[in-house]
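Q: Before I ask anything, here is the structure I am working with.
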Amino acid sequence: MSYPIERKLVIAVASSALFDLSDSHKVFNEQGVEEYRNYQEKNIDNCFPKGVAFPFVRRLLNLNKVFHKEEPIEVVLLSRNSPETGLRAFRSIKQYGLNISRAAFFSGESPYEYLPAFNVSLFLSAEEKDVKNAIAAGYAA
């Protein structure tokens, strides 16, 4: 029997907090959307470097190993990035051995508005505006 999502501690993490996307962001800023997509596709098998929230997320997910029947921690990846980045992010998640299976990619839109849909208890992002908006909406961020 699965552990109901309502009884889990759900952490939403932005892809830019879980991974260091500075190289990708540079391509986006300097060369535009199309080259950014091409860059992600060309580098799909190259694992993203670890981001600022990576160690925290890994430690949280390790709690599920202690409570393996309940798996009380759920991490959801929410991202302003494109689906192309999403494919690369999931390959990176797999390579790092992170138990993350849920994600949403918003192609430039802010993910904070979707926190209720995922039953989020804490939102981690490197995007200050998204953090402030989540806090204003009553979420820990």
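The values are calculated or read from the model by the stated rules, or taken from the named source; none is laboratory data. Predicted model only: the values in this text are computed from it and were never measured. Cβ placement follows ideal geometry from the backbone for every residue including glycine, while neighbour counts extend to all protein chains displayed. SASA here: full protein model, heavy atoms, side chains in, ligands and nucleic acids out. Shrake-Rupley method; radii C 1.70, N 1.55, O 1.52, S 1.80 Å.
Q: Would you kindly compute the Cα radius of gyration of region 96-141 and its largest Cα-Cα separation (Dmax), both in Å?
A: 11.2, 34
Q: Which value, in debye to the nearest 20, gives the size of the charge dipole of the chain about its Cα centre, when Lys and Arg are +1 and Asp and Glu are -1 at the Cβ?
A: Roughly 560 debye for the chain.
Q: Across bins of 10 angstrom width beginning at 0, how are the C-alpha pair distances of region 21-77 distributed, in whole percent?
A: So the P(r) values, bin by bin, are 20, 33, 25, 18, 4.
Q: Let me ask you something else. What shape does region 67-131 have by the C-alpha gyration tensor, where a ≥ b ≥ c are the square roots of the eigenvalues, rounded means a/c under 1.5, and otherwise prolate means a/b greater than b/c and oblate the rest?
A: Judged from the Cα gyration tensor, region 67-131 comes out oblate (a/c at least 1.5, b/c at or above a/b).
Q: Let me ask something additional. If you look for lysine pairs in the chain that are eight or more places apart or on different chains, how many of them have Cα atoms under 17 Å apart?
A: Lysine pair count for the chain: 6.
Q: Another question, if that's okay. Given the rule -39500 (n - 2.57) for each run of at least 4 DSSP H residues, summed and divided by the residues of the chain, what is its mean residue ellipticity at 222 nm, to the nearest 500 deg cm²/dmol?
A: The helix-only estimate for the chain comes to -12500 deg cm²/dmol at 222 nm.
Q: If you filter region 67-141 for chymotrypsin sites (Phe, Trp or Tyr not before Pro), then keep DSSP loop positions with at most 13 other Cβ within 10 Å, what is left?
A: When the chymotrypsin sites (Phe, Trp or Tyr not before Pro) of region 67-141 are filtered for loop state and at most 13 Cβ neighbours within 10 Å, PHE67 remain.
Q: On the accessible surface of region 1-132, probed at 1.4 Å, how many percent belong to carbon and sulfur atoms?
A: 51
Q: Looking only at the chain, where both bridge partners belong to it, what percent of the DSSP beta bridges are antiparallel (to the nearest 5)?
A: For the chain, the DSSP antiparallel bridge percentage is about 5.
Q: For LYS129 and GLU41 in the same chain, what is the full-extension length gain: residue separation times 0.36 nm, less their Cα-Cα distance, in nm?
A: Roughly 28.8 nm would be gained on extension.
Q: Could you report the chain's accessible area per residue, 1.4 Å probe, as an integer in Å²?
A: Result: 57 Å² per residue.
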